[in-house]
Amino acid sequence: MIYEQILRHHAVFSLLTAFLLDFLLADPYFFPHPVRLMGKIIDFLEKSLLNLQNPPKIQKIKGFVLVILVLLATFICSLALLFFSKRIHPILFLALEVIMIYQCIAAKSLYSESMKVYKKLKNNDLQGARRAVSMIVGRDTDILDEKGVARASVETVAESTNDGVIAPIFYIAFFGPIGGMVYKAINTMDSMIAYKNEKYLHFGFFAAKLDDAANFLPARLSAVLMLLTSFVLPGFSGKNALKIFLRDRLKHASPNSAQTESVAAGALGLRLAGDTIYGGIVEKKDFIGDKLREVDYKDIFRSNILMYGATVCMIILCTVLLTIMRILST
């Protein structure tokens, strides 16, 4: 009877079990991860297709071909795995579904990697903190002071609350584990080839635009859930979070990144963003938030509380919606 109920409500069961696995295990380095495979495919296709001697239009077309091939490979492989596992045995299908969803959620990894920075700063190990933060940000870290390292970590946790946690769950809720995997492929392409530099400006054009489109709704949902968390949990200013969100949510080159960063800045009473150095080149950025106080290493932990609060809200919301959808379909 329990076995039949689990299979009948497998979407809810798989999502909750995957979230629990992520909370307990994160992403063990020894465990094969589909994002690594996606990265290898993208790297292979880039080496095969990218030629900086081509005119910009041709580079864009080749970048579009890469996007289509990666999406097709991800969709077909995910579909085939689930299809054949279900034909072999329902339990195998359920186990595979749980694993696929678990590998789409990165809440614990985000927490663990950012808290390595927290611990280094707490122990006054600036060099160690710079090395730790360099693993989760793309900016130059060897010139950052303690406040700069802490600020970079807070910004990363705030932005990654969407693309590392809420957005994958969003697509999993609507399209199952295949939707989650396709989103991870989009996000991985964005992180590898969607830079606005000479090499990728044209080749990564479609990857960047697709990522912007895929994150448009989830980023705003993430911001709302973080706002809710800032009003409910002690130690945060929900009123200021709402104020800064309404004022600064579009102060970023990306239409999505400042959505969650603005909430975090307001909830914590910090000023985030501003000019940032990438590869020795200063990138001009607007400030997000007001400097009500100085940032410190404890804000890394606080930003993770916001992230987990939003994640729990998202899990509850999706559980309710999936249950309602299941009842309506019977």
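The values are calculated or read from the model by the stated rules, or taken from the named source; none is laboratory data. Model, not experiment: these values are computed from the prediction. Note that each Cβ is placed from the backbone with ideal geometry, even for glycine, and that neighbours are counted across all protein chains shown. For the accessible areas, the whole protein counts, side chains as well, though only heavy atoms, and no ligand, DNA or RNA atoms are used. Shrake-Rupley method; radii C 1.70, N 1.55, O 1.52, S 1.80 Å.
Overview of values
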quantity: Inter-label distance, nm, simple model (7 Å from Cα along the C-beta direction), S48/A253; calculated: 2.9
quantity: Whole-percent carbon and sulfur share, accessible surface of the chain, 1.4 Å; calculated: 67
quantity: Distance (nanometres) between label positions extended 7 Å along Cα→Cβ at S191 and F231; calculated: 3.2
quantity: Segment 103-170 and segment 180-235: distance between their alpha carbon centers, rounded to Å; calculated: 17
quantity: Within the chain, longest stretch clear of exposed chymotrypsin sites (Phe, Trp or Tyr not before Pro) (DSSP loop, no more than 16 other Cβ within 10 Å); calculated: 31-330
quantity: Residue range of the chain that is longest and free of trypsin sites (Lys or Arg not before Pro) which are both DSSP loop and sparsely packed (at most 16 other C-beta within 10 Å); calculated: 1-195
quantity: Computed FRET value (nearest 0.05) for K209 with D140, which takes r as the C-beta separation and R₀ as 35 Å; calculated: 0.85
quantity: Calculated FRET efficiency for the pair D275/K40, C-beta based, R₀ 41 Å, to 0.05; calculated: 0.75
quantity: Given charges at Cβ of Lys, Arg, Asp, Glu: the chain dipole, positive-most of V320, G269, G63; calculated: V320
quantity: Length-normalised contact order of segment 52-207 in % [C-alpha pairs under 8 Å, at least 6 apart]; calculated: 34
quantity: Prolate/oblate/rounded call for the chain, Cα gyration tensor, a/c under 1.5 rounded; calculated: oblate
quantity: Where segment 121-218 is the region considered: accessible area per residue in Å², 1.4 Å probe; calculated: 43
quantity: Centroid-to-centroid separation of segment 276-316 and segment 22-84 [C-alpha atoms, Å]; calculated: 28
quantity: Dipole magnitude of the chain, debye to nearest 20 (Cβ charges: Lys/Arg +1, Asp/Glu -1, about Cα centre); calculated: 240
quantity: Links that overshoot a 29 Å alpha carbon limit, given the list K108/K298; K60/K285; K40/K284; calculated: K40/K284
quantity: Sparse-neighbourhood loop sites, GluC sites (Glu not before Pro) in segment 140-201 - DSSP loop, at most 14 other Cβ within 10 angstrom; calculated: E198
quantity: Shape of segment 112-208, Cα gyration tensor, a/c cut at 1.5; calculated: oblate
quantity: Span-like helix ranges in the chain, DSSP H, alpha carbon extent 24 angstrom or more, Kyte mean at least -0.5; calculated: 56-88, 167-193, 205-232, 298-329
quantity: Gain on full stretching of the segment that runs from Y29 to L321 - 0.36 nm per residue minus C-alpha separation; calculated: 101.8 nm
quantity: Over the chain: helical MRE at 222 nm, DSSP H runs n ≥ 4 each giving -39500 (n - 2.57), nearest 500; calculated: -24500 deg cm²/dmol
quantity: Positive dipole terminus of the chain, leading residue within F301, L242, S153 (C-beta point charges); calculated: L242
quantity: About the Cα centre, charge dipole magnitude for segment 114-264 (Lys/Arg +1, Asp/Glu -1 at Cβ), debye; calculated: 320
